[in-house]
Amino acid sequence: MTKKHGLTYADAGVDIDAGNAMVETIKPLVRATRRRGADAEIGGFGGLFDLKAAGFSDPILVAANDGVGTKVKIAIETGIHDTIGIDLVAMCVNDLIVQGAEPLFFLDYYATGKLDPAAGAAVVKGIAQGCIEAGAALIGGETAEMPGLYGGADYDLAGFAVGAVERGKLLPKAGIASGDRLIGLRSSGLHSNGFSLVRKIVAKTGLAWTDAAPYDAAKTLGQALLTPTRIYVRQVLRLLEATQGVKALAHITGGGFPDNLPRVLPHGLGARLDLSAIPAPPVFCWLAEAGEVSEAEMLRTFNCGVGMVLVVSPERAEEVEASLSGAGEDPPVLLGQVIETGDAERVAYSGRLPL
């Protein structure tokens with residue numbers, strides 16, 4: 001009798017050998033993220049981190065997870081995969097640093113319909129680069145091949161970061177008050193928020209990803225829109241060590257200023273921002289014009305040029321500005337101040353965005 005050919009996992013669209021080959025390819029990238037407390041080896045069932053070896057005595061652990069939204073769709077459609085991993089790390093570790101926490105380790109989740117080992121390795125290359133920039137060890141992750149759930153070359157990403165802060169240094173601090181200064185750190189552009197609107201505007205214009213970016217002729221539109229999210233970890237950690245003037249930090253992500261600033265301010269307090277002080281990069285000017293997007297919508301969807309906001313006691317404001325400048329930070333943005341709001345809107349504006 002002739003034996004029938006039995007079905008295999010590969011027949012169902014899952015290639016275990018391709019996954020194993022990708023793991024071997026990325027091992028050197030992962031090892032490059034080693035730091036005190038972690039050897040950054042992968043292949044086991046779990047990743048290890050030694051807090052004592054990292055130098056902590058009475059730490060509080062802080063955890064964050066995030067993705068990159070529909071920005072990943074541009075990476076897929078352009079075939080540019082080596083920067084989206086930086087975005088993934090940035091969106092997680094920037095959420096750790098706002099609580100004063102030093103990022104310790106990172107894990108990623110990469111899900112796709114059909115694994116392309118070269119594309120997957122390029123994504124992990126970006127993740128490793130982001131981890132090195134943030135000082136975090138890449139201690140593990142998961143690659144899932146799920147045909148039927150994701151189409152063709154589509155993939156999605158999720159990241160998980162854990163940091164630690166000594167108990168007495170947790171942010172926000174008590175004592176935030178009306179009159180405290182708001183100081184902004186510049187963004188690198190869109191970061192990883194609002195890309196569903198970005199993609200709709202691009203479709204409206206009829207531009208292709210390979211066309212020259214209308215606001216940066218040196219790059220294609222795809223390259224320009226994939227500019228990685230800025231990672232603020234090293235400069236903020238240095239600042240927190242150098243001065244006691246920072247009371248709180250706010251990461252300006254989805255929801256922009258009106259949703260993110262109130263998250264770190266006590267009840268009854270809000271923020272007054274001078275919009276004319278915000279140095280909006282050209283990409284925001286183009287999006288506002290091409291999409292006929294209102295100023296209010298821009299402020300709630302994008303960072304508009306400021307990716308991190310510091311709440312600083314007024315008597316320490318000059319000290320904080322000097323520390324930032326000494327660390328090589330671009331001139332900080334003097335955004336405004338904390339105000340009493342009662343039950344009114346928590347974020348008020350003066351001036352207009354320079355769009």
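The values are calculated or read from the model by the stated rules, or taken from the named source; none is laboratory data. As the structure is a prediction and not an experimental result, all values here were calculated from the model. FYI the Cβ positions are ideal-geometry reconstructions off the backbone, even for glycines, and counts take in every protein chain you see. When the accessible area is computed, the model is the full protein with side chains, heavy atoms only, and any ligands, DNA or RNA have been set aside. Shrake-Rupley method; radii C 1.70, N 1.55, O 1.52, S 1.80 Å.
Before moving on, here are some points about what is shown:
- Computed with every protein chain present, the accessible area of VAL98 is close to 20 Å² [probe 1.4 Å].
- Rounded if a/c under 1.5, otherwise prolate or oblate - the chain, Cα gyration tensor axes: oblate
- Cα-based shape type of region 198-355, given that a ≥ b ≥ c are square roots of the gyration tensor eigenvalues and the cut on a/c is 1.5: oblate
- Helix 117-134 vs. the chain, principal-axis angle (Cα, 0 to 90°, nearest 10): 30 degrees
- Value of [θ]222 nm, deg cm²/dmol, for the chain, DSSP H segments ≥ 4, -39500 (n - 2.57) each, nearest 500: -9500 deg cm²/dmol
- Ordered by solvent-accessible area of protein heavy atoms (1.4 Å probe), largest first, the residues ASP180, ASP58 come out as ASP58, ASP180.
- Residues whose amide H lies under 5 Å from that of LYS247, counting only those 5 or more places away or on a different chain, are VAL311, VAL312, SER313; hydrogens are built 1.01 Å from N in the peptide plane.
- Sequence-distant residues sharing a close amide H with LYS219 (under 5 Å, placed H): ALA213
- C-alpha long axis of helix 233-242 to longest principal axis of the chain, angle in °: 40 degrees
- Distant-in-sequence amide H partners of ILE139 (H built 1.01 Å from N, under 5 Å): PHE106
- In region 159-268, inverting the average of 1/r over every pair of distinct C-alpha atoms gives 17.1 Å as the Kirkwood radius.
- Of the chymotrypsin sites (Phe, Trp or Tyr not before Pro) found in region 112-169, no site is in coil according to DSSP while having at most 13 other Cβ atoms within 10 Å of its Cβ.
- Semi-axis lengths, largest first, of the ellipsoid equivalent to region 100-158 are 25, 11, 8 Å, with √(5λ) applied to each eigenvalue of the Cα gyration tensor.
- Neighbour net charge for GLY135 - beta-carbon separation under 12 angstrom, K R +1, D E -1: +3
- Heavy-atom accessible area per residue - region 139-198, 1.4 Å, Å²: 41 Å²
- Electrostatic tally near TYR109: other residues with Cβ closer than 9 Å to its Cβ, Lys and Arg +1, Asp and Glu -1, net -3.
- Positive contributions from Lys and Arg (+1) and negative ones from Asp and Glu (-1), summed over other residues with Cβ under 10 Å from the Cβ of GLY85, come out at -2.
- Judged by the ratio a/c of the largest to the smallest principal axis of the C-alpha gyration tensor, region 100-245 counts as oblate, that ratio being 1.5 or greater while a/b is no larger than b/c.
- Given charges at Cβ of Lys, Arg, Asp, Glu: the chain dipole, positive-most of ALA75, ILE278, ALA158: ALA158
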